[in-house]
Amino acid sequence: MTAADRPRYHHPDLRAALLEHGIALARAGGPAAVSLRDVQRRAGVSNSAAYRHYADRAALLDAIADRAAAELSARMTAELAGVPAGGPPADVARARLRALGRVYIRFALAEPGLFATIGAEQDKDLATGHGPDDPFGLLGRCLDELVAAGGLDPVHRPWSDVAAWSAVHGLAVLVQGGPLSGLPSADREAAIERTLDVLLAGLT
């Protein structure tokens with residue numbers, strides 16, 4: 001069957017369908033695995049139909065990265081909700097920061113393709129700002145909670161989010177596909193906890 005003979009299908013929401021196929025490709029192989037041609041083939045539509053919704057590959061990758069970041073944010077929010085609220089406020093704030101770091105690294109391990117897509121497509125966001133509920137915004141909110149609880153000197157609050165993100169993201173890259181990817185599970189967990197220990201000690 002030639003491309004001209006292949007049946008085309010009508011989608012009530014083609015933009016969403018194209019995005020779902022793009023997410024599936026990114027989840028399996030990272031940003032390098034995503035192409036508009038493969039997405040439109042999976043959706044069973046013409047090139048022109050796909051380009052009406054995503055002008056180019058970069059636009060599609062941006063949309064995939066946004067969805068992946070939203071999924072990471074949802075996991076972070078759920079993890080934060082599970083942190084016990086009892087106890088000294090500074091200890092609770094530190095526990096929330098630790099939970100945030102853990103879920104970030106676990107997302108990198110569980111979803112390496114989506115994690116790589118976020119990193120590849122959203123490196124400009126530090127300059128353009130973050131929403132309060134995206135991953136970087138959630139980190140900032142937790143640090144603000146630590147300041148309010150007396151666990152972080154306000155003088156040291158500026159750039160603490162960048163320092164914390166750098167430490168956790170660096171370890172995530174190392175254990176997900178870098179030189180620490182071969183660590184046994186117990187050693188990997190020990191490395192994660194020790195990195196978070198050092199990070200929290202340095203912040204507070």
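Structure summary
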{"quantity": "Sequence ranges 148-157, 89-98, 180-189, ranked by mean other-Cβ count within 10 angstrom, highest first", "calculated": "89-98, 148-157, 180-189"}
{"quantity": "The chain shape via C-alpha gyration tensor axes, a/c threshold 1.5", "calculated": "prolate"}
{"quantity": "Cα shape, the stretch 92-204, gyration tensor, a/c 1.5 rule", "calculated": "oblate"}
{"quantity": "Value at 222 nm in deg cm²/dmol, rounded to 500, when DSSP H runs of n ≥ 4 in the chain each add -39,500 (n - 2.57)", "calculated": "-22000 deg cm²/dmol"}
{"quantity": "Relative packing of peptides 68-81, 103-116 - highest average C-beta neighbours within 10 Å first", "calculated": "103-116, 68-81"}
{"quantity": "Fully extended contour minus Cα-Cα distance, from Asp91 to Ala148, at 0.36 nm per residue", "calculated": "19.3 nm"}
{"quantity": "Prolate/oblate/rounded call for the stretch 14-57, Cα gyration tensor, a/c under 1.5 rounded", "calculated": "prolate"}
{"quantity": "Difference of contour (0.36 nm per residue) and Cα-Cα distance, Arg41 to Asp13", "calculated": "8.5 nm"}
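None of the figures in this text is laboratory data; all of them are computed from the coordinates on show. Being a predicted model, the structure only gives us computed values, none of them experimental. Note that each Cβ is placed from the backbone with ideal geometry, even for glycine, and that neighbours are counted across all protein chains shown.
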